[in-house]
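Step one of this worksheet: look at the structure below.
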Amino acid sequence: MRTSLRTSLRSSPRTSPTTRRPSSGARLAALFTGVSAVAALLVAAPAAQAAADTPLRDLAAARGKAIGTAVTGSKLTGTYGDIAGREFNWLTPGNAMKWASVEPSRGTFDWTEADRIVDFAEAHDQDVRGHTLVWHSQNPDWLANGTWTPAQLRQLMTDHIALEVGRYKGRLAAWDVVNEPFNEDGTFRQTLWYNGLGADYIAQALTAARAADPAAKLYINDYNVEGVNAKSTALYNLVKDLKARGVPIDGVGLQAHLILGQVPATFQQNIQRFADLGLDVAVTELDIRMQTPATDAKLAQQRTEYEAVFKACVAVSRCTGVTVWGFTDSDSWIPDTFPGEGAATPYDANYQPKPAYYGIVTALGGTVTEPPPPTGCSAAYSVQSQWNTGFTGQVTISCAAGSSLSSWRATWTFGAGQRISQAWNATCTQTQAAVSCANASWNGSVPSGGSVTFGFNASWSGSNPAPTVTLG
Ligand code: G3I
């Protein structure tokens, strides 16, 4: 289905692709045991190659824009790593550089995941946005629960900035120095920092960051500041004042944790007013959440809204780019924080690009070629997670409207010596490189418009290329 969508830099008129989410899992499929089998023998492209011909990062670069994603360092392998490296030219550590992550006990540091992300970025010619130095959340207990004089607190803050920014000096392109300093009404948030140091903690933090890495662009980052409102006006007045005072400030980050149907009408106007102050603007944490389950109509609306956000940035030259807060629905903070909501990112949980992905393509000047309506049944292979000797793989068998299966067998050839040790929701056998997985007793039936997924653990060494799966 979406595997055949193509994008390019050509400026031919775009058409809307028909996109479809797998609408049922193995249990639902079991309800349809009466449907007839279709002798569909289709070959599916590996999920890692399921996106566009022209990666988003190339489309963005052609417009002089950054396209970033928040990432989890431990996941940067397999299909997740492939997409993160191929589609994005900026990375933001989602959690790895926060104070609680890097200094869980006072004086005890853990840079493992942060280093891993920076190393990955350099290996993939990507910039890194450091996130975040001074925040009220995700601070270590020893800091948050301590009792500090203003002088001690200021020392702690500036030492932390000097250490963390200094560690990555010359390697990070930007830092979210201060995160979320405002309340919704535009007053300063009462935090450890504000309560101890007053509003000047912001200038002190920026000054310390500049001293530690003069080349990094320094940002103040907040949410609900995407449109013109009391909070964004407070941010506007703050950065205007900081600039007037000569405090080092290069840009503002508009997080953009948006809700479907609620993209502010003044988004572009708001970006422009910050740009007019002589500041860069970055959209730093875009996601657009919806009530789940997602429907085709909601996903189509989400596509339009992703496109609108990217277009607003493209329209303002000082908007440096857009970072999405996780690129896949399987690595998003939304379902944990807002139960009943989700589907907020451009890729679904199986690493398939959603309509939102193609909204980004369109906004960045790429074209989307509508594939013929999907027919038959196909199989998509993905690596869910990978470690030094093993990996967990997944195969999703999907049937387009009008096609169905009453039993199935997925076969492929491993190209690099991978060996399956265990499978679930299928019976798998492997003879040398040849793998054959047949349905379990309860999931042979794949209804029209439905899908079935099975998984396996396997070993690998050297490389772990995705095979082509044949369905029969
Ligand atoms: O690492 C632990 C794990 O060991 C434990 O088993 C698990 C159980 O809950 O928790 C894990 O920590 C979680 C952490 O994410 C890593 O996954 C925390 O509970 C969870 O609270 C934390 O959430 C993060 C959230 O910030 C905290 O406010 C999200 O991943 C992260 O995406 C989110 O990012 C923030 C930005 O930094 C600032 N803007 C808003 C944005 C969304 O909240």
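Residues in region 424-455 that are polar (S, T, N, Q), touching a Phe, Trp or Tyr at 6+ places or on another chain (Cβ under 9 Å), in contact (Cβ under 8 Å) with a residue 40 or more places away in the chain and on the phi < 0 side of the Ramachandran plot: 443, 445, 448.
Taking the conditions (1) open to solvent by 10 Å² or more (accessible area, probe 1.4 Å); (2) touching a residue at least 12 places away in the same chain (Cβ under 8 Å); (3) more than 16 Å from the ligand (Cβ to nearest atom) in turn, residue 341 satisfies each one other than (3). Taken together, the residues in region 91-122 that are charged (D, E, K, R) and within 16 Å of the ligand (Cβ to nearest atom) amount to 5.
Looking at residue 324 and the list (1) within 16 Å of the ligand (Cβ to nearest atom); (2) more than 24 Å from the chain's Cα centre (by Cα), which single condition is not satisfied? Tallying (1) within 16 Å of the ligand (Cβ to nearest atom); (2) more than 24 Å from the chain's Cα centre (by Cα), residue 324 fails exactly one: (2). Here 157, 97 are screened, and the one residue that is buried (at least 19 other Cβ atoms within 10 Å of the Cβ), touching a strand residue (DSSP E or B) at 6+ places or on another chain (Cβ under 8 Å) and in contact (Cβ under 8 Å) with a residue 60 or more places away in the chain is 97.
Can you find a residue that is in contact with a strand residue (DSSP E or B) (Cβ under 8 Å, 6 or more places away or on another chain), within 18 Å of residue 100 (Cα to Cα) and crowded, with 20+ Cβ neighbours inside 10 Å anywhere in region 202-215? Yes, region 202-215 has at least one match. Scanning region 312-342 for residues that are in a loop (DSSP other than H, G, I, E, B) and out of contact with any Pro (no Cβ under 7 Å at 6 or more places or on another chain) yields 315, 316, 317, 318, 325, 326, 332, 333, 338, 339, 340.
For beta carbons closer than 7 Å, sequence separation of 6+ or different chains, a first residue in region 130-151 that is touching a residue at least 24 places away in the same chain (Cβ under 8 Å) and of a type in the set (Phe, Trp, Tyr) and a second that is within 12 Å of the ligand (Cβ to nearest atom) and assigned to a strand (DSSP E or B), the qualifying pairs are 135/179.
Could you list all residues from region 258-302 that are open to solvent by less than 30 Å² (accessible area, probe 1.4 Å) and in a strand (DSSP E or B)? Matches in region 258-302: 258, 280, 281, 282, 283, 284, 285, 286, 287, 288, 289, 290. Based on what the data block shows, is residue 351 under 21 Å from residue 57 (Cβ atoms), assigned to a loop (DSSP other than H, G, I, E, B) and more than 16 Å from the ligand (Cβ to nearest atom)? Considered against the rule, which asks whether it is under 21 Å from residue 57 (Cβ atoms), assigned to a loop (DSSP other than H, G, I, E, B) and more than 16 Å from the ligand (Cβ to nearest atom), residue 351 comes out as yes.
For region 182-215, the tally of residues that are in a loop (DSSP other than H, G, I, E, B) and closer than 23 Å to residue 255 by Cβ stands at 10.
Going by the structure shown, is residue 361 β-branched (Val, Ile, Thr), more than 16 Å from the ligand (Cβ to nearest atom) and at pLDDT 95 or above? Here the answer is yes, as residue 361 does meet what is asked. Going through (1) outside any helix (DSSP H, G or I); (2) more than 16 Å from the ligand (Cβ to nearest atom); (3) over 23 Å from residue 75 (Cβ atoms) one by one, residue 125 falls short only on (3). State whether the residues of region 390-412 include one that is surrounded by fewer than 18 Cβ atoms within 10 Å (Cβ to Cβ) and of a type in the set (Phe, Trp, Tyr). No, the conditions are met nowhere in region 390-412. So which residues in region 216-231 are in a loop (DSSP other than H, G, I, E, B) and either more than 14 Å from the ligand (Cβ to nearest atom) or at positive phi (or both)? If the condition is that a residue be in a loop (DSSP other than H, G, I, E, B) and either more than 14 Å from the ligand (Cβ to nearest atom) or at positive phi (or both), then 216, 224, 227, 228, 229 are the ones that fit.
Could you check region 139-151 and list, in sequence order, the residues that are within 16 Å of the ligand (Cβ to nearest atom) and open to solvent by less than 70 Å² (accessible area, probe 1.4 Å)? Within region 139-151, 139, 140, 143, 144 qualify. Does residue 111 qualify as being open to solvent by less than 60 Å² (accessible area, probe 1.4 Å), in contact with a helix residue (DSSP H, G or I) (Cβ under 7 Å, 6 or more places away or on another chain) and aromatic (Phe, Trp, Tyr)? Criteria met by residue 111.
The values are calculated or read from the model by the stated rules, or taken from the named source; none is laboratory data. All values derive from a computational prediction rather than experimental measurement. Glycine also receives a Cβ, built like all others from the backbone with ideal geometry; neighbour counts cover every protein chain displayed. These area figures cover heavy atoms from the full protein model, side chains too; ligands, DNA and RNA do not enter into them. Shrake-Rupley method; radii C 1.70, N 1.55, O 1.52, S 1.80 Å.
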